[in-house]
Amino acid sequence: MTPIKVVVTGAAGQIGYQILFRLAQGEVFGPNQPIILQLLELEQAMGALQGVVMELQDCAFPLLQGVVYTSDLKTAFDGANYAFLVGSVPRKAGMERSDLLAINASIFIDQGRALNQYASDDVRTLVVGNPCNTNCMIASATASDIPKEQFFAMTMLDEKRARSQLAERLNVHHRDIECIIYGNHSSTLFPDYWHSTYKGKLVVDLVNDPAWLEGAFIENVQQRGAKIIQARGASSAGSAANAALDTMRLIVNGSDTPFSVAIHANGQYGATKGLFFSMPCLSKNGILTPIDHIVHNAMARKRIEITIAELESERNIVISRGFMNA
Ligand code: NAX
């Protein structure tokens, strides 16, 4: 079988370290699919990345046909079939949100351009690096020859957080809970508990505590990342990598149950065309179909409007700084 080429950016970082070994083991693309990893890092992280590559070699993974590691965009994206865009610049103390957006905008413009020029035409790209919805929008807008349907931003970690919170509350197993995330991967995200189910039954009826659902539950999901930083002294890595691998696996292998992922919006749920907005999607043969007919009540609508407004404000900043056309 011809090996597939999989790009991981930010490969020497925390999430990169958690992703690479599982990719090389065949978790996403299956036990028969040979794989070449193409790892992109900043020049200053090349030493650390070399150490990771040595570890990959020491695993002697049967499916791993090669590892390319580089700080050169052309080398990294050459012929890529799949890309995990993980590397980005985190917010530092005193940094304005608009500055953070601007720094990351230039990274995702460069990577969008490299995808356009060097990757395979059918490349599927999952953006993890924050602010992931807007970074994804920028990369996709720059890679103008690649269909927008081949770009995705990750909200699977938020979905899993929501499902496990609800499972804990109901004292049931999280595998039987469905809960979709709408909007931005940020503190405005909306975990739609109104349509959430446990074995087909509505969670709102089972929990029977509207104040908890609208209050602590939503807040716990929105603030979970911050709580992990507080407890661990570092942001989520194992769970983030796990969610990234799961998302790509569902994109590649299909899913006839809905899952959360931010895709190029076309007006669904009021999300302005062009934003990358998380909503329920099904997947078949690498193509996602959004489920666009869920009817939300006034409380849910208000939450959805807030997260759309935040995505729009991020887009306005990017446009006003000249990184994207209106
Ligand atoms: P780390 O700081 O550990 O690693 C990031 C790596 O990216 C670093 O090694 C850095 O050298 C590299 N990098 C920076 N700019 C680069 C560029 N232009 N090209 C190539 N590499 C570059 O962060 P980590 O914990 O791995 O998190 C990575 C990103 O995921 C962050 O933006 C983080 O905010 C985001 N997350 C997104 C989540 C989501 O659900 N969408 C959840 C987890 C995580 O917070």
- Message: Just to be sure I understand, how many residues within segment 162-200 are β-branched (Val, Ile, Thr) and within 22 Å of the chain's Cα centre (by Cα)?
- Response: 4
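Conditions (1) within 16 Å of the ligand (Cβ to nearest atom); (2) closer than 20 Å to SER283 by Cα, marked per residue:
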residue	(1), (2)
GLU214	no, no
VAL221	yes, no
ALA234	yes, no
ALA237	yes, no
LEU245	yes, yes
LEU250	yes, yes
- Task: Enumerate the helices (runs of 4 or more DSSP H) found wholly within segment 45-129, keeping only those where 3 or more residues are of a type outside the set (Val, Ile, Thr), within 12 Å of the ligand (Cβ to nearest atom) and farther than 22 Å from SER140 by Cβ.
- Result: 46-59
- By residue number, the members of segment 22-44 that are of a type in the set (A, V, I, L, M) and within 16 Å of the ligand (Cβ to nearest atom) are LEU23, LEU37, LEU39, LEU40, LEU42
- Kindly provide the set of residues from segment 270-305 that are in a helix (DSSP H, G or I) and under 20 Å from the mean Cα position of the chain (by Cα), ordered by number. ILE304
- Message: I'm checking my understanding of the structure. Among residues of segment 181-212 that are touching a Ser or Thr at 6+ places or on another chain (Cβ under 9 Å), more than 17 Å from CYS281 (Cα to Cα) and within 16 Å of the ligand (Cβ to nearest atom), which one is modelled with the lowest pLDDT?
- Response: SER186
- Residue hits (segment 284-315; polar (S, T, N, Q), surrounded by fewer than 22 Cβ atoms within 10 Å (Cβ to Cβ) and at pLDDT 95 or above) are THR289, ASN297, SER313
- Note on the structure: Going through segment 1-21 in order, the residues found to be near the ligand (Cβ under 9 Å from one of its atoms), closer than 21 Å to GLY79 by Cα and either among the polar types (S, T, N, Q) or in a loop (DSSP other than H, G, I, E, B) (or both) are THR9, GLY10, ALA11
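The values are calculated or read from the model by the stated rules, or taken from the named source; none is laboratory data. Bear in mind that the values here come from a model prediction, so they are computed numbers and not experimental data. As a convention, Cβ positions derive from the backbone with ideal geometry for all residues, glycine included, and neighbour counts pool all protein chains shown.
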